[in-house]
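In what follows, a structure is listed as structure tokens, so that the remarks can point back to it.
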There are 2 protein chains.
Amino acid sequence: MKSALQNIGYLGKVPCSYKSSPMAAHFELHIEQGPHLVSAGQQVGVVTAVQAYRWFRLNVIGRDTHTGTTAFEHRADALYAFARMMVRAREVAAGKGCLASVGIIEAKPGSVNTVPGEVSFSLDIRGPETELVAEVEKELRRGFDEIAAAEGAGIGKPCRVEWTLDFDSPAVKFHDDCIECVQESAHAVVADAPVADTKSLVRPIMSGAGHDSVFTSKRVPTSMIFVPCKDGLSHHPEEFCSADDCATGASVILQAVVRYDRKRFA
Amino acid sequence: MKSALQNIGYLGKVPCSYKSSPMAAHFELHIEQGPHLVSAGQQVGVVTAVQAYRWFRLNVIGRDTHTGTTAFEHRADALYAFARMMVRAREVAAGKGCLASVGIIEAKPGSVNTVPGEVSFSLDIRGPETELVAEVEKELRRGFDEIAAAEGAGIGKPCRVEWTLDFDSPAVKFHDDCIECVQESAHAVVADAPVADTKSLVRPIMSGAGHDSVFTSKRVPTSMIFVPCKDGLSHHPEEFCSADDCATGASVILQAVVRYDRKRFA
């Protein structure tokens with residue numbers, strides 16, 4: 001990282017450390033990256049927590065065979081095993097109020113008439129509590145082993161599955177004082193909106209995605225503000241947040257910082 | 001093709017045509033590429049036919065969304081739809097005594113925390129009769145549409161699926177005279193084997209894979225000879241045929257040619 005920054009002339013003099021650059025608190029403004037605010041017609045999300053997530057890479061090892069000459073019962077089809085695993089992952093995660101997603105997949109050798117003998121894929125498990133994510137993982141480890149064992153059992157050479165943990169981010173609860181400052185500020189900013197109950201424009205919300213605030217929250221009181229985005233899309237060319245929503249968010253974060261500062265010296 | 005051959009100095013003077021290079025018949029010797037002969041301890045397969053197959057490329061179009069912020073009911077997950085399709089494909093094909101296989105898959109955009117909005121994959125459908133392959137295709141077109149429609153229905157933007165036919169090879173029945181020559185030759189070649197019933201070392205067999213003989217059979221009487229290969233593997237570094245099996249196969253094809261020639265002028 002240091003040499004990369006040096007190469008582009010961006011290495012500064014201030015050490016990258018919460019001790020050298022102390023903060024009293026951390027507030028972060030972000031688009032929701034999800035559909036809840038926009039579909040409910042709400043203006044501000046008061047972020048109380050960030051869900052837990054774990055990222056894995058999995059390999060399924062089966063056996064390359066010819067698609068035309070190998071009966072189903074003689075196959076150890078790593079891609080078919082993957083397909084069953086992905087269906088199972090949603091079933092198990094949904095049953096525990098969690099999410100499980102596959103974003104990356106590669107099948108080898110990658111030929112139209114060869115049953116893939118090796119598949120690797122990413123698995124992203126998320127949930128409101130660290131414990132729930134661990135439970136989903138445990139159930140999927142058992143379930144995937146069972147699926148792998150069934151595929152190729154007929155030839156005595158069943159598939160097997162290997163897991164590698166790439167990233168583990170436990171659930172984060174934001175700081176009560178910060179959350180309170182964001183909530184009061186949000187209510188104040190939307191107070192003039194032309195609706196009967198302006199408080200209904202503000203909702204507490206849990207972040208599904210990870211953010212810088214996950215890391216600052218380990219050191220200083222932290223919370224976040226969400227504003228709506230078009231169709232809940234992010235990391236995508238269609239990502240969009242209206243100027244009004246940007247302005248609302250900026251007002252809320254400014255007021256939250258001021259409120260927190262007053263509270264600190266009160 | 002012509003310019004490629006010219007570039008490497010391989011363009012010859014003889015026209016590539018069954019008219020310029022007439023053949024009375026065509027016999028082809030091949031490893032089985034499947035496990036039937038080797039697992040039954042048999043020595044020769046008399047190939048009577050080649051199963052039908054169709055190769056397709058399919059695209060599933062859904063919607064890229066964030067894995068952490070998009071509930072299952074808000075997703076149009078093209079990869080999840082694919083997983084259900086692959087499970088369905090085996091179910092439908094097996095029910096009709098056919099095969100369905102996916103060898104190639106690509107999911108876009110290919111990021112661990114993005115639900116894939118686009119998946120493309122190959123589909124190889126095979127069966128003993130051209131009609132059966134068509135029936136599997138028909139049932140899968142209906143089934144895949146149903147799976148696509150369910151994924152993303154919650155947001156009114158369901159997945160959709162597109163099919164492209166890449167290759168269509170109807171079932172082939174080889175020529176009775178050629179089959180007879182191969183069968184008589186096979187019985188003659190294994191006659192001295194140290195088993196009670198040497199005829200049990202020879203079996204009629206249908207080819208699961210395509211071969212040159214599929215094309216020659218359109219012009220001249222044709223059939224094939226199969227010999228066992230290790231674990232039924234082919235197109236693979238572990239592909240192996242013993243010297244004895246190679247010799248058996250060579251003897252059978254030589255005798256078949258001689259027998260056919262005698263029959264022709266008898």
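Checked against (1) out of contact with any Lys or Arg (no Cβ under 7 Å at 6 or more places or on another chain); (2) more than 29 Å from B:GLU73 (Cα to Cα), B:LEU165 passes all but a single condition, namely (1). For the range A:6-35, the tally of residues that are part of a strand (DSSP E or B), within 14 Å of chain B (Cβ to nearest Cβ) and either touching a His at 6+ places or on another chain (Cβ under 6 Å) or open to solvent by less than 30 Å² (accessible area, probe 1.4 Å) (or both) stands at 1. Taken together, the criteria place A:TYR53 among residues that are under 23 Å from the mean Cα position of the chain (by Cα) and either in a helix (DSSP H, G or I) or of a type outside the set (A, V, I, L, M, F, W, C) (or both). Between residues in the range B:246-259 that are touching a residue at least 40 places away in the same chain (Cβ under 8 Å) and residues that are open to solvent by 60 Å² or more (accessible area, probe 1.4 Å) and not in a helix (DSSP H, G or I), which pairs lie under 8 Å by C-beta distance while being six or more apart or on different chains? Every condition considered, the pairs that remain are B:GLY249/B:LEU29; B:ALA250/B:LEU29; B:VAL252/B:LEU29; B:ILE253/B:LEU29.
How many of the residues making up the range A:1-57 are touching a Leu at 6+ places or on another chain (Cβ under 9 Å) and of a type in the set (Lys, Arg)? The number of residues fulfilling the criteria is 3.
Filter the range B:213-230 for residues that are of a type in the set (A, V, I, L, M, F, W, C) and open to solvent by 10 Å² or more (accessible area, probe 1.4 Å); which is farthest from B:ALA25 (Cα to Cα)? Among those residues, the one meeting the criterion is B:PHE215. Can you say whether A:GLN42 is closer than 30 Å to A:SER200 by Cβ, at the interface with chain B (Cβ under 10 Å from one of its Cβ atoms) and in contact with a His (Cβ under 9 Å, 6 or more places away or on another chain), as far as the supplied structure shows? Criteria not met by A:GLN42.
Could you pull out every one of the strands (runs of 3 or more DSSP E) wholly within the range A:101-215 that has 2 or more residues that are away from every other protein chain (no Cβ under 14 Å)?
Details: elements: A:105-108, A:118-127, A:160-169, A:202-207.
In the range A:101-215, the matching strands (runs of 3 or more DSSP E) lie at A:160-169, A:202-207.
Quick check on the range A:113-123. Is at least one of its residues within 30 Å of A:LEU29 (Cβ to Cβ), open to solvent by 10 Å² or more (accessible area, probe 1.4 Å) and of a type outside the set (Lys, Arg)?
As a first pass, look at the range A:113-123 and keep what is within 30 Å of A:LEU29 (Cβ to Cβ): A:122.
In the following step, the residues that additionally are open to solvent by 10 Å² or more (accessible area, probe 1.4 Å) were identified as none.
No, that holds for no residue.
Could you tell me which of the residues B:VAL172, B:VAL161, B:VAL189 is farther than 30 Å from B:LEU58 by Cβ and out of contact with any Cys (no Cβ under 6 Å at 6 or more places or on another chain)? Explain how you work it out, then say what you get.
Numbers: B:VAL172 fails: farther than 30 Å from B:LEU58 by Cβ; B:VAL161 fails: farther than 30 Å from B:LEU58 by Cβ.
None of the other options fit; the residue is B:VAL189.
Within the option set A:VAL38, A:VAL47, being open to solvent by 50 Å² or more (accessible area, probe 1.4 Å) and touching an Asp or Glu at 6+ places or on another chain (Cβ under 9 Å) holds for one residue only, A:VAL38. Residue check: B:THR130 meets all listed conditions (1) closer than 21 Å to A:ARG57 by Cβ; (2) polar (S, T, N, Q); (3) open to solvent by 30 Å² or more (accessible area, probe 1.4 Å) but one, namely (1).
Look through the range B:231-257, keep the residues that are farther than 16 Å from B:VAL190 by Cα and open to solvent by less than 60 Å² (accessible area, probe 1.4 Å), and return whichever of them is modelled with the highest pLDDT. Break it down into steps so the answer makes sense when it comes.
Going through the range B:231-257, the residues farther than 16 Å from B:VAL190 by Cα turn out to be B:231-241, B:257.
Still in the list and also open to solvent by less than 60 Å² (accessible area, probe 1.4 Å): B:232-234, B:236, B:241.
Details: B:GLY232: 84, B:LEU233: 83, B:SER234: 83, B:HIS236: 79, B:CYS241: 97.
Across the range B:231-257, the extreme among qualifying residues is B:CYS241.
So which residues in the range B:191-212 are surrounded by 20 or more Cβ atoms within 10 Å (Cβ to Cβ) and at pLDDT below 95, if there are any at all? Those that are surrounded by 20 or more Cβ atoms within 10 Å (Cβ to Cβ) and at pLDDT below 95: B:SER207, B:GLY208, B:ALA209. If you go through the range A:81-98 one residue at a time, do you hit one that is in contact with an Asp or Glu (Cβ under 6 Å, 6 or more places away or on another chain), open to solvent by less than 30 Å² (accessible area, probe 1.4 Å) and closer than 30 Å to B:GLY210 by Cα? Yes; the residues of the range A:81-98 include at least one that is in contact with an Asp or Glu (Cβ under 6 Å, 6 or more places away or on another chain), open to solvent by less than 30 Å² (accessible area, probe 1.4 Å) and closer than 30 Å to B:GLY210 by Cα.
For the range B:165-186, the tally of residues that are out of contact with any helix residue (DSSP H, G or I) (no Cβ under 6 Å at 6 or more places or on another chain), farther than 19 Å from B:ALA25 by Cβ and open to solvent by 30 Å² or more (accessible area, probe 1.4 Å) stands at 4. Of all residues in the range B:52-74, those satisfying the criterion of being more than 7 Å from chain A (Cβ to nearest Cβ) and either buried (at least 24 other Cβ atoms within 10 Å of the Cβ) or at pLDDT below 95 (or both) are B:VAL60, B:GLY62, B:ARG63, B:ALA71, B:GLU73.
Being in contact (Cβ under 8 Å) with a residue 12 or more places away in the chain, open to solvent by less than 60 Å² (accessible area, probe 1.4 Å) and in contact with a Pro (Cβ under 6 Å, 6 or more places away or on another chain) is a condition met by at least one residue of the range A:152-164. Beta carbons closer than 7 Å, at least 6 apart along the sequence or on distinct chains, pair a first residue in the range B:77-95 that is within 8 Å of another protein chain (Cβ to nearest Cβ) with a second that is among the basic types (Lys, Arg) and open to solvent by 40 Å² or more (accessible area, probe 1.4 Å) for B:VAL87/A:ARG84.
The values are calculated or read from the model by the stated rules, or taken from the named source; none is laboratory data. Quantities reported herein were computed from a predicted structural model and do not represent experimental measurements. No Cβ is skipped: glycine too gets one built from the backbone with ideal geometry, and neighbour counts run over all protein chains shown. In case anyone asks, the SASA skips ligands and DNA or RNA and just uses the protein heavy atoms, side chains included. Shrake-Rupley method; radii C 1.70, N 1.55, O 1.52, S 1.80 Å.
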